[in-house]
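Before any comments, here is the structure.
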Amino acid sequence: MTAFSIKPFAIAVALGAFAAPALAQVPATPWELKPDTGYAYDKEGKTFSYKMGTSNAGELLKGAKKVPKGTLFFLGHNGQLYMRSGPYLEGDGKFKFGPDQ
């Protein structure tokens with residue numbers, strides 16, 4: 001089995017969270033990540049989830065990187081998945097990049 005990087009996992013989760021266009025600003029909801037499950041975003045832009053085991057966890061973590069806190073993932077109009085580190089909330093807690101009002 002090949003090593004699994006945390007980056008595709010984070011990207012796949014983000015893709016699911018931002019795939020639908022926002023019609024109105026609604027309260028943010030936490031992602032529901034499942035233990036022992038890997039998430040992937042492949043070269044064609046498809047997402048997958050995989051049931052994981054623990055026998056090769058060391059190999060899984062080798063080369064993996066933690067996603068920094070404060071990272072925003074989003075799907076651009078061109079279908080490309082992006083990530084941005086930095087503030088994404090206004091001072092009042094509203095999403096900085098929400099729909100025009």
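Give all pairs with beta carbons closer than 8 Å in which a residue from region 27-43 that is in contact (Cβ under 8 Å) with a residue 12 or more places away in the chain meets a residue that is open to solvent by 80 Å² or more (accessible area, probe 1.4 Å) and hydrophobic (A, V, I, L, M, F, W, C); count only pairs at least 6 apart in sequence or on separate chains.
Pairs that qualify, where the first residue is in contact (Cβ under 8 Å) with a residue 12 or more places away in the chain and the partner is open to solvent by 80 Å² or more (accessible area, probe 1.4 Å) and hydrophobic (A, V, I, L, M, F, W, C), are Tyr39/Leu33; Tyr39/Phe48; Ala40/Phe48; Asp42/Phe48.
What tally of residues in region 34-56 results from selecting those that are loosely packed, with under 11 Cβ neighbours inside 10 Å and among the small types (Gly, Ala, Ser)?
2
How many of the residues in region 27-63 are among the aliphatic types (A, V, I, L, M), farther than 19 Å from Leu81 by Cβ and in a loop (DSSP other than H, G, I, E, B)?
Total satisfying the criteria: 1.
If I ask for residues that are touching a Ser or Thr at 6+ places or on another chain (Cβ under 7 Å) and of a type in the set (Gly, Ala, Ser), which ones from region 56-101 would you list?
Gly63, Ala64, Gly70, Ser85 - these are the residues of region 56-101 that are touching a Ser or Thr at 6+ places or on another chain (Cβ under 7 Å) and of a type in the set (Gly, Ala, Ser).
Between a first residue in region 77-90 that is of a type outside the set (Lys, Arg) and a second residue that is open to solvent by 90 Å² or more (accessible area, probe 1.4 Å), which pairs have beta carbons less than 8 Å apart while being 6 or more apart in sequence or on different chains?
Tyr88/Phe97
Being more than 18 Å from Pro27 (Cβ to Cβ), open to solvent by less than 80 Å² (accessible area, probe 1.4 Å) and in a loop (DSSP other than H, G, I, E, B) is the filter here, so list the residues in region 81-101 that pass it.
If the condition is that a residue be more than 18 Å from Pro27 (Cβ to Cβ), open to solvent by less than 80 Å² (accessible area, probe 1.4 Å) and in a loop (DSSP other than H, G, I, E, B), then Gly86 is the only one that fits.
The values are calculated or read from the model by the stated rules, or taken from the named source; none is laboratory data. Everything numeric here is computed off the predicted structure, so don't read it as measured data. Backbone-built Cβ (ideal geometry, glycine too); neighbour counts: all protein chains shown. Side chains are part of the model used for accessible areas, which takes the heavy atoms of the whole protein and leaves out ligands, DNA and RNA. Shrake-Rupley method; radii C 1.70, N 1.55, O 1.52, S 1.80 Å.
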